[in-house]
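Read the structure below first, then the notes.
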Amino acid sequence: MNRAAEDREALITELTRDAIPAWAILSVQINGIVAGMLGVTETDVQCLHVLGRRGPTTPGVLAEYVNLTTGSASRMIDRLVAAGCVRRVPDPGDRRRVLIEPTPEGLDRVHAAYAGLIARTRGELAGLDQERLADLLAFVRALEEGTAAEIRRLRSPAPAAPEAARG
């Protein structure tokens, strides 16, 4: 391997074994702090992020996004309703179903809690040109897709071992 390839491999290793995991841990920590500020749990904060990004959805879909059982998701929704962060509304496509939607007040509280981090991040991004920003966005979107694919893989049942392998 030539020097350039070794340097590239060292950067990839530093990113995958150190920088990205360290950032993920800090993200979990800040979500915990924000949850405390809002008087909800970390999973509740994840739910608010999902609703803020995807819009109103069913309790079952929310449960899947935040990795909860439907019963646990129901309790989560109750907490968020009590905190004024979400509300239950009839599904316009099927009045028998209910959708969970964020309240403007709930989204405002979440945005306010993350305002400092958003400002810091915008400051870090300010020095990047449009091409580097586009590359960074593509990288983060690829991480998102790759992580979602790995979640699906880990959630799927393991294939049954062939009879001969069981011995």
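The values are calculated or read from the model by the stated rules, or taken from the named source; none is laboratory data. Since the structure is predicted, the reported quantities are computational estimates derived from the model, not experimental observations. We place every Cβ from the backbone using ideal geometry, glycine too, and count neighbours over all the protein chains shown. Calculation scope for accessible area: heavy atoms of the full protein, side chains included, ligands and nucleic acids excluded. Shrake-Rupley method; radii C 1.70, N 1.55, O 1.52, S 1.80 Å.
Side notes on the structure shown:
- Shape category assigned to the chain from the gyration tensor of Cα positions, a/c cut at 1.5: oblate
- Summary of the geometry: segment 122-151 and segment 29-70, compared by the centres of their Cα atoms, lie 22 Å apart.
- FRET efficiency, R155 to Q130 (Cβ-Cβ, R0 45 Å, nearest 0.05): 0.75
- Sequence-distant contacts, meaning Cα pairs under 8 Å at least 6 residues apart, place the relative contact order of the chain at 16 percent.
- Ligands, DNA and RNA are left out, and with a 1.4 angstrom probe the accessible area of the chain is 71 Å² per residue.
- Computed FRET value (nearest 0.05) for R87 with I118, which takes r as the C-beta separation and R₀ as 25 Å: 0.50
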